[in-house]
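Any read-out appearing in this document is the output of simple, stated calculations on the displayed coordinates, not a laboratory observation. Treat the numbers as computed from the prediction; the structure is a model and nothing was measured. Neighbour counts are summed over all protein chains in view; Cβ atoms, including those assigned to glycine, are modelled from backbone coordinates with ideal geometry.
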Amino acid sequence: MNTPLRQVLVWGALAVLLLVADQYTKQLASQTLRYGEQVYVTPFLNWTLLHNTGAAFSFLADAGGWQNTLFSVIAILVSLFIVYWLATTPRSAPWQALALTLVLSGALGNLYDRLTLGYVVDFVQFHYRQYYWPAFNIADSAITVGAGLLIIQSLFGKEISVDTNPADGES
């Protein structure tokens, strides 16, 4: 079964594993951390349970609630587009497929939070002295790494693609 469906299923399995890891760590953070309390891990990392009703960097977090619906609809549409994109990604472009899988798993992880909780659970916080990076989670990390890979792929294109067997004629 060397079809687009098989490709979606293979990469979809990875997306599900990342989604499970994301949801497990969010649940663990929610059960073990007190909201807003910073738990020291290293000189540059704290665990800090926060609820984000906005988008990246809490964009529109105080917009009154309508933003949750907007961000949910966007996540659903993007996820559907990514599934289509994955199905049409050639086997010779595994980095692109990985990038799409990371973005998909992150979008679905945060979408699940929005639909079930009305906010996204964040708990990882980097800092340097009194300068703090906004808290994030595994889904956010997956989206960031995936988007970074897509940018690299778009800049360098064919250098990232790997054709494992050019004679097989499959895409």
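What order do you get for 133-140, 45-52 when each peptide is scored by the mean count of other beta carbon atoms within 10 Å, highest first?
133-140, 45-52
Less than 11 Å from a label point 7 Å out along the Cα-to-Cβ axis of Leu117: which backbone N atoms in region 15-52 qualify, by residue?
It comes to 23-33, 35, 49-52, nothing else.
Rounded to the nearest 0.05, what FRET efficiency do Gln27 and Phe81 give with R0 = 22 Å and r taken as the Cβ-Cβ distance? Could you check?
0.20
If r is the Cβ-Cβ distance from Arg6 to Thr69 and R0 is 35 Å, what FRET efficiency results, to the nearest 0.05?
After rounding to 0.05, the efficiency reads 0.50.
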